[in-house]
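Before any comments, here is the structure.
The values are calculated or read from the model by the stated rules, or taken from the named source; none is laboratory data. In this text, all values refer to a predicted model and were calculated from it rather than measured experimentally. Neighbour counts run over all protein chains shown; Cβ positions are idealised from the backbone, glycine included.
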């Protein structure tokens, strides 16, 4: 009813009704009293945005964990509108971006249903689309991840899941994730628990699970350089093995394939600097050192050190 009164542009009547509902529910336990707070905050947005935010921000946190998507969406949209009324556009974008998983796939009619009268919420969709949170992921060598410039603290299993979802932008089923992580169905409950924990930190859709944010990742950059034949750039991007501590079957397979692809590109390259850079990263790959040595001019001052390295590896390997 409050939503209907707001649609009819009767904010005073909406606020009066919301206040009565809030008073009736003040001794109730969650989720009933929380929903009454949400409705009250919605009604306040048009007339007292400061007070509306005081009500809505705790409601948002309540509906975030565990996720109640439709109510998180509504609370976030009204909080964003309150910020806009206070001319705080950056905070409006931020509150929308933190709830992206709850309404990223809404059609226009869904936005109208959740957000309220079109005249009141004009531009809300554009505001959301203009500032999507971005995931930055580094998995080659040292691991790091950040969402919207805020560092993410993840368990090793969550790191694996996040990587696999970044690798598969069209989404993965629970079964597919299960095979890539464990290669057996008996670990389903463990995977569901880890996935649920990750969804509390990163916007992820319902099954098929996919990331609801744009992604920048070092391994994607590496793959792009290799596809373009940019060997030197690929070597510079390669800071170490992919998720080196992971023993997940799907990750081990990709780790070997990615390093193998880069190694093959290097062995077909005549860029001595790139070859030496990669050889130093792998350290004891005899074929790489010999490839570099074969390309060096006879008077190149680097030959002596590389010949010594080749001799050392052969001695270690008893060749």
Looking for something part of a helix (DSSP H, G or I), touching a residue at least 24 places away in the same chain (Cβ under 8 Å) and out of contact with any strand residue (DSSP E or B) (no Cβ under 9 Å at 6 or more places or on another chain) - is there at least one such residue anywhere in segment 244-258? yes
Filtered residues of segment 200-210 (kept if under 15 Å from residue 145 (Cβ atoms) and either buried (at least 20 other Cβ atoms within 10 Å of the Cβ) or without any contact (Cβ under 8 Å) to a residue 24 or more places away in the chain (or both)): 202, 203, 204
Of the residues 28, 37, which is within 22 Å of residue 113 (Cβ to Cβ) and modelled with pLDDT of 80 or more? 37
Do the conditions hold for residue 72, that is, is it in contact with a helix residue (DSSP H, G or I) (Cβ under 8 Å, 6 or more places away or on another chain) and at pLDDT 90 or above? no
Whichever residue in segment 1-15 is assigned to a helix (DSSP H, G or I) and surrounded by fewer than 14 Cβ atoms within 10 Å (Cβ to Cβ) and, among such residues, is modelled with the lowest pLDDT: 4
